[in-house]
Amino acid sequence: RRSDDFTVAMETVTAWAWGPLSLLTFLALLRQHPARFVLQLVVSLGQLYGDVLYFATEARAGWAHSDPHPFYFW
């Protein structure tokens, strides 16, 4: 079975970078640390960037790994 290299790479970044960073953001929110706003921005933009890359790659590949139907996104 062949896996999608891009998805594996993005999920690795998500697990090793965004996961701990999200936990740090959560702790900053609980403690009302001033850095919480910057951390929220970084995590949110990182997730948005990953989404854009994923869907752009899928569109170029002819939607080989997902379904572009509007109800699929819903």
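The values are calculated or read from the model by the stated rules, or taken from the named source; none is laboratory data. Everything numeric in this text was worked out from a predicted model, so none of it was measured. Glycine gets a Cβ as well: all are built from the backbone with ideal geometry, and neighbour counts include every protein chain shown. Quick note on the areas: whole protein, heavy atoms, side chains included, nothing else; ligands and nucleic acids left out. Shrake-Rupley method; radii C 1.70, N 1.55, O 1.52, S 1.80 Å.
When residues in the range 1-45 are screened for being among the polar types (S, T, N, Q) and closer than 22 Å to PHE55 by Cα, 5 of them pass. Pairs meeting the criteria (first residue in the range 37-51 and in contact (Cβ under 8 Å) with a residue 40 or more places away in the chain and part of a helix (DSSP H, G or I), second residue surrounded by 11 or more Cβ atoms within 10 Å (Cβ to Cβ) and not polar (S, T, N, Q), beta carbons under 6 Å, at least 6 apart or on different chains) are GLY50/MET10. Residue check: MET10 meets all listed conditions (1) modelled with pLDDT of 90 or more; (2) among the aliphatic types (A, V, I, L, M); (3) in contact with a helix residue (DSSP H, G or I) (Cβ under 6 Å, 6 or more places away or on another chain) but one, namely (1). When the range 32-74 is filtered for residues that are of a type in the set (A, V, I, L, M, F, W, C), over 15 Å from the mean Cα position of the chain (by Cα) and more than 18 Å from ASP4 (Cα to Cα), the ones remaining, listed by number, are ALA35, PHE37, VAL38, PHE71, PHE73, TRP74. Scanning the range 24-43 for residues that are within 19 Å of GLU11 (Cβ to Cβ) and open to solvent by 70 Å² or more (accessible area, probe 1.4 Å) returns no hits.
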